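One structure is given here, and the rest of the page talks about it.
The numbers here are math on the coordinates, done by the rules we state, and not lab data. Here the structure is a predicted model, which is why all the values come from computation and not from measurement. Reconstructed Cβ throughout: ideal geometry from the backbone, glycine too, with neighbour counts over all protein chains shown.
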Amino acid sequence: MKLLPTILICTVLLIVQHLKMVHSSGFGKCPNYPTMPKFNMTRFLGKWYEVERSFYLPEIASGCTTLTFEDTTIRDSDGRPQLEIAIKTVNRWTGNPSISIGEAITENEKSSIMSVQLKSRLPTAVARFLPGSGKYQVLYTNYDDFAILWSCSSFVAVHADQMWLLGRERDYSAEIRKKIYSALKQLSLDPERLFISKNTNCPNTL
């Protein structure tokens, strides 16, 4: 019986170590990043391509991913903007395209933090836990070339996050990539966690 606490501790450490291989993880709650100063949602709207990302299981078979943000002009009861998001991908194994439609509500008109929920026939209480739904934050963007999108989830005593590097084109120049990686390091995010997204032989419709 005395071995049980030791086994439990070792198990938790192994889980955390595994998470570190695919996520930035650690004990405690998610880190708290402030909203991007002077964030301009109007300039952020439009089409973005996924250029790089950290490991994210629901996207393991996805390629040619695009995200399009549009302002619906709808405001909730607190006056917060509601955006429509269209996420288009191609299954790398079957070649079949897919599209997910969702909505995002920002904390306010100048906030880079948004709550996203993909549309589903499931009850709202269930749909908000579907992959792709949750809180996302634009940590940094220059609007014309790139954006760093980040999300984090807490699991009891640990947390794990994901990040996506978005571009207005399917790839960056070496100069832009260097600038992005420098920004990631300043935010204590490791660029070594990133994978190059599959963006070859993509259909023109994406």
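Points 7 angstrom from Cα along the Cβ direction at residue 107 and residue 205: gap in nanometres?
3.9
Using 26 Å as the Cα-Cα cut-off, could you pick out the over-long pairs in 88/185; 38/185; 29/119; 119/185; 47/179; 29/179?
Listed pairs above 26 Å: 88/185; 29/119; 119/185; 29/179.
With a ≥ b ≥ c taken as the square roots of the eigenvalues of the C-alpha gyration tensor of the range 37-112, please select rounded if a/c is under 1.5 and otherwise prolate if a/b is larger than b/c or oblate if it is not?
In terms of gyration-tensor shape, prolate.
Order of 60-69, 160-169, 102-111 by packing, highest average Cβ count within 10 Å first?
Output ranking for 60-69, 160-169, 102-111: 160-169, 60-69, 102-111.
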